[in-house]
Protein chains: 2
Amino acid sequence: MNVYRYEENPLLTPLDVKPHRDNFEVIGAFNAGIASYNNEIIMLLRVAERPISPDPDIVLAPVYNTATQDLDLIELRLDDERYDFSDPRVIRNKSKSATFEYLTSISYLRIARSKDGHRFTVDEKPFVYPSHSLETFGVEDPRITQIGDTYYIYYSAVSPVGVGESMVSTTDFVNTTYHGMIFGPDNKDVLIFPEKVNGKYYALHRPTTKSTGNPEMWIAESDNLLYWGNHKHLIGLREGMWDSGRIGGGCVPFKTERGWLELYHGATLEHRYCMGAVLLDLNDPSKVIARSGKPILEPEADYEKKGFFGDVVFACGALVEGDVVKMYYGVADTSMAACELSLQEILDSLEPVV
Amino acid sequence: MNVYRYEENPLLTPLDVKPHRDNFEVIGAFNAGIASYNNEIIMLLRVAERPISPDPDIVLAPVYNTATQDLDLIELRLDDERYDFSDPRVIRNKSKSATFEYLTSISYLRIARSKDGHRFTVDEKPFVYPSHSLETFGVEDPRITQIGDTYYIYYSAVSPVGVGESMVSTTDFVNTTYHGMIFGPDNKDVLIFPEKVNGKYYALHRPTTKSTGNPEMWIAESDNLLYWGNHKHLIGLREGMWDSGRIGGGCVPFKTERGWLELYHGATLEHRYCMGAVLLDLNDPSKVIARSGKPILEPEADYEKKGFFGDVVFACGALVEGDVVKMYYGVADTSMAACELSLQEILDSLEPVV
């Protein structure tokens, strides 16, 4: 696969983003949703910020408080035997080690704008900030689907009761309307198709199951974008391949003459995240036609391999112009990059699914 | 709480149910959904059947095969070190011990009928049998909501990709229409309200989350019973109390003058399952008014304490006549029983939730 990575990569790093409050540091500006609006390219960044601890023996865990409408900073001593601090992203309670107790940072959504798609300016203020009881640990990994003049922005809403997918909409990237949680926990990596297919809206989603099963891609339908049902399992993990550990939707699916093309992420059990593609039937997206045997993009550049959580390329949006797929993607859970791929080459590389 | 247990308890046991095929034994006839139809009381049993293994060293795991439309029997040697057989309900793969690999039995739904609500006759054939790829490990724990002349029957659909909630409807308890999976995995204990509230349908549901959070009760809304959204967390576990380990909806919620009354199950971490009640606002069921400080029913009778999985009372349906709540409930994951409670006494026992 021929991949043209932009010379400006990484396009944005945490150093380009001013913390939204004192005594916080930006540790990530990544996994951005992408939209075209008003002759600009909007990169809706997930910004992760960490409270700066005055004491090296204390970790501060930020939690949004719905009563005070402000962040609480929970102090945890690094020598507190109840907690496991080994994962830089989360703090686990050792007595229930499969789940996390706190996050080490708070994520919110912030706009970066560009005329040319290469050089971006970051807005001064957050755009979507945690504001509900289902978002007290933050909002993450937005995707944007444009339908008519409305942009539907949906994201992981993280709180102590689980991770679900909530949605706002906007027509101007200034004001938003909140639509509540559209997929209950545990769910993330939702991707809403940009038009109805056979009279119904469709969305990809990624439940994380506890009883049995793996982190795999499902599809659901709706008639109003708010209520979803007829859930079906779409594609699963593939042993020994690049998507053997977990998979989830990436970019908003787009129409090609051969079918709906979804650029999705897959990771191995060693957490190496790549991007690949799956082709779905134009008239019934719950039917899988073909899929990438090999990734279309894998972490190879230095900025993709090293960072807060390395060896990760994770795209949440792409712009398609003729044969050119401009894919914007988070790198190493830290920064943003972009590349261009040939649509024809992606389609030709897919292997039939029988 | 005054509980009048029927003298005929247990009303039905596995011995009353003929296996649906040769070389199978019925190990459970329990957790039945309840409905009034045609001057009869319908008990829609969850029947669990186990293949009889000809070899004591081999366990047979039944799995529905959608291609052959028949059950496959997977042979597992008890001395196979890869598997953990210690839980009588499931077979775990030791390398991923939090999830299960197979069930030891296949569950389906079968009708029992009664004129007096005490003595039941079991139909000859299954009523809802696994028939889709999302049901290959069985269908479990049905609930029935009557809206007009239609009975909506929804149940846990269990397969290797997770446990979700699927739905069929019937008007005659002979023919059914399949409506697909209405709540994606992991989810169970769905309870659909019997009428619209402020123009919307509501359902309780119980996600099982992996990332963080506990098995707790949520509420969602819909305009067509098929697509669900606006998910909200409703009530959580309570440390040190009877519902400290897991909770989930039980009976279909019913209207009282003080609010919607939901009879739900709660268990401790030691898996002792009791029934209690929660009162929800008449005009907005996502608002909690009051809740049981102590159970309204706990496993005390011999048939409740001993069985396939003991110390369990688990109701999926009740009939309310004036002040009398006739609650039908599964006991010890084995049989069915029923009791009568005073509605007034339940309401008076609830403690305000602030």
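Table for the structure above
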quantity	calculated
Filter on A:LYS210/B:LYS188; B:LYS115/B:LYS326; A:LYS18/A:LYS188 - keep pairs with C-alpha separation over 23 Å	A:LYS18/A:LYS188
Of every Cα-Cα pair in the protein assembly as shown, the percent that sits beyond 35 Å	45 percent
Directionally averaged projected area (convex hull, Cα atoms, the range B:4-352), nm²	17.1 nm²
Computed helical MRE - 222 nm, chain B, DSSP H runs ≥ 4 contributing -39500 (n - 2.57), nearest 500	-500 deg cm²/dmol
Listing of the range B:185-223 residues, each with accessible area lower by at least 40 Å² in the full protein assembly than in the chain alone (probe 1.4 Å)	B:PRO185, B:ASP186, B:THR209, B:LYS210, B:SER211, B:THR212, B:TRP218, B:ASP223
Largest-first ordering by accessible area, 1.4 Å probe, given options B:GLU7, A:GLU49	B:GLU7, A:GLU49
Length-normalised contact order for the range A:84-146 - Cα pairs under 8 Å, 6+ apart - percent	25 percent
Label point distance in nm, A:ASP284-B:THR171, each placed 7 Å from Cα along Cα→Cβ	2.7 nm
Label distances, nm, B:SER244 versus same residue in remaining copies, Cβ-directed 7 Å point	4.3
Per-pair calculated FRET efficiency, R0 = 56 Å: B:GLU75 and A:ARG82 via Cβ, rounded to 0.05	0.80
For B:156-163, mean number of other protein chain Cβ atoms within 10 Å	5
Using θ = phi - 60° and Karplus 6.51 cos²θ - 1.76 cosθ + 1.60, couplings along the range B:139-153 (whole Hz; Gly, Pro as x)	10, 9, 6, x, 10, 10, 10, 8, 10, x, 8, 9, 9, 8, 10
Cβ-derived FRET efficiency at R0 56 Å, A:ASP149 paired with B:VAL354, nearest 0.05	0.80
Average Cα contact separation per residue, the range B:4-352, under 8 Å, 6 or more apart, as relative contact order %	15 percent
Cα lying deepest toward the dipole's positive end in the range A:4-352, options A:ALA315, A:PRO54, A:GLY117, charges on Cβ	A:ALA315
Number of partner chain Cβ atoms within 10 Å, mean per residue of B:74-81	0
Positions from the range B:95-121 whose accessible area shrinks by 10 Å² or more when the full protein complex is built, not the chain alone, probe 1.4 Å	B:LYS96, B:ALA98, B:THR99, B:PHE100
Rounded accessible area per residue of chain A, 1.4 Å, Å²	39 Å²
Inter-label distance, nm, simple model (7 Å from Cα along the C-beta direction), A:THR121/B:LYS125	7.2 nm
For B:ARG291, distant residues with modelled amide H under 5 Å away	B:LEU279, B:GLU351, B:VAL353
Local electrostatic count, A:PRO51, Cβ distance below 12 Å [Lys/Arg +1, Asp/Glu -1]	-4
Accessible area of A:LYS196 in the full protein assembly, 1.4 Å probe (Å², nearest 10)	90 Å²
Lysines with Cα under 19 Å of A:LYS200, excluding same-chain neighbours fewer than 8 positions away	A:LYS232, A:LYS255, A:LYS287
Fraction of beta bridges assigned by DSSP in the range A:261-327 that are antiparallel (%, nearest 5)	95 percent
Placed amide H near A:ASP72: partners under 5 Å, 5+ positions off or other chain	A:VAL63, A:TYR64, A:ASN65
Rg(Cα) / (2.2 N^0.38 Å) computed for the range B:299-354, rounded to two decimals	1.30
Relative contact order of the range B:22-122, pairs being alpha-carbon contacts under 8 Å that are 6 or more residues apart, as %	27 percent
Position A:SER36, label points 7 Å along Cα→Cβ, spacing to each other copy in nm (shortest first, one decimal)	6.1
Cβ-vector label at 7 Å, A:GLU8, separations to other copies in nm	7.7
Vicinal HN-Hα couplings computed from phi for the range A:213-225 (Karplus, 6.51 cos²θ - 1.76 cosθ + 1.60; Hz; Gly/Pro x)	x, 10, x, 10, 8, 10, 9, 9, 10, 7, 10, 9, 6
Residues B:LEU15 and A:ASP223, FRET efficiency given R0 of 35 Å [Cβ-Cβ distance, rounded to 0.05]	0.15
12 Å beta-carbon shell around B:GLU221, net charge (K/R +1, D/E -1)	+1
Within the accessible area of the protein assembly as shown (1.4 Å probe), percent carbon and sulfur	46 percent
Amide proton proximity set for B:LYS210, modelled H, under 5 Å, gap of 5+	A:ASP186
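The values are calculated or read from the model by the stated rules, or taken from the named source; none is laboratory data. Just so it is clear, the structure is predicted and the values come from calculations on it, not from any experiment. No Cβ is skipped: glycine too gets one built from the backbone with ideal geometry, and neighbour counts run over all protein chains shown. Note: areas computed on protein heavy atoms with side chains; ligands, DNA, RNA excluded. Shrake-Rupley method; radii C 1.70, N 1.55, O 1.52, S 1.80 Å.
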